[in-house]
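The values are calculated or read from the model by the stated rules, or taken from the named source; none is laboratory data. None of the values given here were measured: they were computed from a predicted structure. Quick reminder, even Gly has a Cβ in these numbers, built from the backbone with ideal geometry, and neighbours come from all protein chains shown. For the accessible areas, the whole protein counts, side chains as well, though only heavy atoms, and no ligand, DNA or RNA atoms are used. Shrake-Rupley method; radii C 1.70, N 1.55, O 1.52, S 1.80 Å.
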Protein chains: 2
Amino acid sequence: MIRVVATGTFDILHPGHLYYLEESRRLGDELYVIVARDANVKHKPRPILPEDQRLRMVRALKPVDHALLGDLHDMFRPIAEIGPDIITLGFNQHFSEEGLRQKLLDRGLGADVVRISGYPGPLASSSKIIEHILNTRGPTRPAGPAGEGE
Amino acid sequence: MIRVVATGTFDILHPGHLYYLEESRRLGDELYVIVARDANVKHKPRPILPEDQRLRMVRALKPVDHALLGDLHDMFRPIAEIGPDIITLGFNQHFSEEGLRQKLLDRGLGADVVRISGYPGPLASSSKIIEHILNTRGPTRPAGPAGEGE
């Protein structure tokens with residue numbers, strides 16, 4: 001029974017999130033997802049959606065067996081409780097595999113760390129979705145063709 | 001075997017969509033979801049996400065057994081092919097139950113039509129999500145030429 005942990009903010013779900021979770025799930029038999037707390041998202045703008053909604057939407061996705069919110073003060077605590085065999089990193093998550101592996105070892109956690117590749121295909125990422133909304137719905141809508149005709 | 005059909009645009013998934021799909025699924029044994037084509041969304045602003053992405057995300061939700069894109073010219077065609085016992089309407093979908101039931105009968109389709117109530121709880125709907133993005137990310141953007149390269 002191989003237990004996998006994936007982590008992330010999962011703000012405004014899109015196929016890149018789904019691909020990361022599907023690929024993570026394929027590495028084992030059971031996928032736990034730790035969803036970042038609102039208060040802990042500091043390396044990028046605050047999430048659009050509150051943590052409870054982000055959690056609820058992640059939990060509703062087919063590859064996800066269990067989803068939970070992260071710990072406010074100790075990111076390794078839920079990982080220690082779950083006891084995963086593998087922890088996956090998204091293609092744009094800022095940890096290095098080796099750095100995270102070492103930090104886990106420092107906490108007595110022997111999980112392997114696997115980097116999942118980026119979504120292979122055209123993608124509306126969260127930031128592109130936000131950019132698109134600002135460009136098409138905002139007050140300073142640029143002149144130009146309105147339809148994207150894809 | 002009770003077959004249920006739900007329909008919608010499902011642009012930027014949120015718990016209101018999920019609730020509609022969960023409640024629709026509970027009415028039967030199998031849930032088909034017809035996702036609106038980009039070209040057919042005319043009663044509100046064009047979707048932010050292209051139809052293929054909206055389809056992919058709806059298909060990934062646990063209550064959804066089957067998801068497909070709508071027909072470009074005849075909204076009743078996929079319904080006739082699926083042959084549902086029940087068609088559900090979201091709380092804000094603009095058809096009346098009786099009106100839709102009659103139109104289905106005109107096409108020889110005897111499905112019942114059930115209105116699903118609105119999501120009971122605080123909710124970031126698509127329009128609230130968009131408004132929130134415009135309010136929090138719009139004004140703080142540095143002034144400059146609009147539409148940076150994608």
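Please compute the modelled spin-label separation between A:F91 and B:M1, points set 7 Å along Cα→Cβ, answer in nm with one decimal.
3.9 nm
Only counting protein heavy atoms at a 1.4 Å probe, give the residues of the range A:126-140, ordered by number, whose accessible area falls by 30 Å² or more when the other protein chains are present relative to the chain alone.
Those residues are A:I129, A:I130, A:E131, A:H132, A:I133, A:L134, A:N135, A:R137.
B:D74 label points, 7 Å along Cα→Cβ, one per copy: pairwise distances from this copy to the rest in nm, shortest first?
Ordered by distance, the counterparts are at 6.4 nm.
Can you give the net charge of the other residues whose Cβ lies under 14 Å from the Cβ of A:R107, counting K and R as +1 and D and E as -1? Before the final figure, lay out the partial values.
Numbers: positive: A:R77, A:R101, A:K103; negative: A:D71, A:D74, A:E81, A:D106.
Every neighbour counted, the sum reads -1.
Treat every Asp and Glu Cβ in the protein assembly as shown as -1 and every Lys and Arg Cβ as +1, leave all other atoms uncharged, and give the resulting dipole magnitude about the Cα centre to the nearest 20 debye. Walk me through the intermediate numbers first.
Numbers: 38 positive and 40 negative charges, 141 e Å.
Once rounded to the nearest 20, the dipole reads 680 debye.
Summarise the partner chain shielding of B:59-71 as one whole number: the mean count of Cβ atoms from other chains within 10 Å of each residue's Cβ.
Numbers: counts 2, 11, 5, 6, 2, 2, 0, 0, 0, 0, 0, 0, 0.
That works out to 2 on average.
Let's see if you can work this out: charge +1 on each Lys and Arg Cβ, -1 on each Asp and Glu Cβ, no other charges. What is the dipole magnitude of the range A:12-124 about its Cα centre, in debye to the nearest 20? Working shown, then result.
Working: 15 positive and 16 negative charges, 87 e Å.
So the magnitude is around 420 debye.
Counting only protein heavy atoms, what percent of the accessible surface of the range A:1-110 is carbon or sulfur at a 1.4 Å probe? Don't skip to the end; give the middle numbers.
Working: 2650 of 5280 Å².
Here carbon and sulfur together make up 50 percent of the probe-accessible area.
In the range A:39-53, which residues give up 50 Å² or more of accessible area once the other protein chains are added, compared with their chain alone (1.4 Å probe)?
Output list: A:I48, A:Q53.
Given R₀ = 41 Å, what would the calculated FRET efficiency be for A:D38 paired with B:Q102, taking r from the Cβ atoms and rounding to 0.05? Display every interim value, and only then the final one.
Numbers: r = 47 Å, r/R0 = 1.15.
It comes out at approximately 0.30.
Per residue, how many Å² of accessible area does the range B:1-137 show with a 1.4 Å probe? Don't skip to the end; give the middle numbers.
Details: 6550 Å² over 137 residues.
Dividing the accessible area of the range B:1-137 by its residue count gives 48 Å².
For A:I2, what is the net charge nearby, where nearby means another residue's Cβ is under 15 Å from its Cβ and Lys, Arg count +1, Asp, Glu -1?
Values: positive: A:R3, A:R25, A:R26; negative: A:E23, A:D29, A:E30, A:D65, A:D85, A:D112.
The answer is -3.
Rg and Dmax in Å for the range B:19-65, alpha carbons only: what are they?
12.0, 34
What FRET efficiency, computed as 1/(1 + (r/R0)^6) with R0 = 30 Å and r the Cβ-Cβ distance, is obtained for A:L69 and B:L134, rounded to the nearest 0.05? Walk me through the intermediate numbers first.
Working: r = 27 Å, r/R0 = 0.91.
Efficiency, rounded to the nearest 0.05: 0.65.
Would you calculate the separation in nanometres between label points at A:S127 and B:K62, each defined as 7 Å from the Cα along the Cα-to-beta-carbon direction?
3.2 nm
Based on a Kirkwood Rh over C-alpha pairs, give the Stokes-Einstein translational diffusion coefficient of the range B:1-86 at 20 °C and viscosity 1.002 mPa s in µm²/s. Walk me through the numbers before you get to the answer.
On the way: Rh = 13.0 Å.
Translational diffusion coefficient: 165 µm²/s.
Measuring from centroid to centroid over Cα atoms, what is the spacing of the range B:58-101 and the range A:1-75 in Å?
A separation of 30 Å, based on Cα centres.
As a test, work out the antiparallel percent of DSSP beta bridges whose residues both lie in the range B:1-120, rounded to the nearest 5. Write down the numbers at each step before the final one.
Values: 0 of 17 bridges.
About 0 percent, rounded to the nearest 5.
Could you tell me what fraction of 2.2 N^0.38 Å the Cα radius of gyration of the protein assembly as shown comes to, as a two-decimal ratio?
Details: Rg = 21.0 Å, N = 300, 2.2 N^0.38 = 19.2 Å.
Working it through for the protein assembly as shown, the quotient is 1.09.
Would you mind checking the radius of gyration and Dmax of chain B based on alpha-carbon positions, in Å?
Radius of gyration, then largest Cα-Cα span, for chain B: 17.2, 58 Å.
Per residue of the protein assembly as shown, what 222 nm ellipticity follows from adding -39500 (n - 2.57) for every DSSP H run with n ≥ 4, rounded to the nearest 500?
About -10000 deg cm²/dmol.
Count the net charge of all other residues whose Cβ sits under 12 Å from the Cβ of B:L69, scoring Lys and Arg as +1 and Asp and Glu as -1. Don't skip to the answer; put the middle values down first.
Working: positive: B:R37, B:R54, B:R56, B:R59, B:R77; negative: B:D38, B:E51, B:D52, B:D71.
Combined, the nearby Lys, Arg, Asp and Glu give +1.
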